[in-house]
Amino acid sequence: MKTQFAKKVDIKRKWYVFDAKDQILGRFAVKVATCLRGKNKPVFTPNVDTGDFVIVVNAEKVKVTGKKLDDKIYYHHSGYPGGIKAEVLKERLAKKPAGVITDAVWGMLPKGRLGRAMLKKLKVYKGNDHPHAAQKPEILQ
């Protein structure tokens, strides 16, 4: 029996809506990354982007456990000497809640051009509304 590999032209992409309200950040990001990667499909192939489009709403209402709101720190560097910046999760959720979910999902995707292509299919919004009604997305719990 031969192994079937998915080809780019054979992939049918769907749109899904995930509601982040009262979801725990890490567990929620696993579900989103699985859908983006296509591991929930029978045609999953590791070297082909078989995933679907994912819309995340209510990004600011995501929860974390323990003392992560005060202890978890996000770092980024400007590229200049001494240019490291740090931001606590509580501040980042207030300023840019979409970035928190995007970073958590990016950590669970493959690195390189395939992972970047998968991440482009993730749309994260702060409120309950999104501009993708024309794609007729399915709501997932």
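The values are calculated or read from the model by the stated rules, or taken from the named source; none is laboratory data. Fair warning: this is a prediction, and the values are worked out from it, not measured in the lab. Positions of Cβ are generated from backbone atoms using ideal geometry, with glycine treated the same way; all protein chains shown enter the neighbour counts.
Within region 94-107, work out how many residues are surrounded by 16 or more Cβ atoms within 10 Å (Cβ to Cβ) and touching a residue at least 60 places away in the same chain (Cβ under 8 Å).
4
Can you find even one residue in region 133-140 that is under 16 Å from the mean Cα position of the chain (by Cα), surrounded by 18 or more Cβ atoms within 10 Å (Cβ to Cβ) and either part of a strand (DSSP E or B) or aliphatic (A, V, I, L, M) (or both)?
no
So which of Tyr125, Tyr75 is out of contact with any Gly (no Cβ under 9 Å at 6 or more places or on another chain), closer than 20 Å to Gln23 by Cβ and among the hydroxyl-bearing types (Ser, Thr, Tyr)?
Matching residue, one of Tyr125, Tyr75: Tyr125.
In region 34-93, how many residues are part of a strand (DSSP E or B) and in contact (Cβ under 8 Å) with a residue 40 or more places away in the chain? Spell out the reasoning first.
Filtering region 34-93 for residues part of a strand (DSSP E or B) gives 53-57, 63, 73-77, 84-88.
Checking which are in contact (Cβ under 8 Å) with a residue 40 or more places away in the chain leaves us with 53-57, 63.
Residues flagged as part of a strand (DSSP E or B) and in contact (Cβ under 8 Å) with a residue 40 or more places away in the chain within region 34-93 amount to 6.
Output yes when any residue across region 37-58 is among the basic types (Lys, Arg), touching a strand residue (DSSP E or B) at 6+ places or on another chain (Cβ under 7 Å) and over 22 Å from Ala134 (Cβ atoms), and no when none is. Explain how you work it out, then say what you get.
Initial filter on region 37-58 (among the basic types (Lys, Arg)): 37, 39, 41.
Next cut, touching a strand residue (DSSP E or B) at 6+ places or on another chain (Cβ under 7 Å) only: none.
Taking every residue of region 37-58 in turn, none turns out to be among the basic types (Lys, Arg), touching a strand residue (DSSP E or B) at 6+ places or on another chain (Cβ under 7 Å) and over 22 Å from Ala134 (Cβ atoms).
Rundown of residues vs (1) modelled with pLDDT under 95; (2) farther than 28 Å from Leu114 by Cα; (3) surrounded by 18 or more Cβ atoms within 10 Å (Cβ to Cβ), yes/no style:
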position	(1), (2), (3)
Val56	no, no, yes
Lys61	no, yes, no
Thr65	no, yes, no
Lys68	no, yes, no
Ser78	no, no, no
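Looking at region 124-141, I want the residues that are under 17 Å from Phe28 (Cα atoms) and in contact (Cβ under 8 Å) with a residue 60 or more places away in the chain and have a partner that is among the charged types (D, E, K, R) and in a helix (DSSP H, G or I) with Cβ atoms under 7 Å, at least 6 apart or on another chain. Which pairs are those?
So the pair list comes out as Lys126/Glu60.
Restricting to region 108-128, name every residue that is surrounded by 10 or more Cβ atoms within 10 Å (Cβ to Cβ) and in a loop (DSSP other than H, G, I, E, B).
Met108, Leu109, Pro110, Lys120, Lys121, Tyr125, Lys126, Gly127, Asn128
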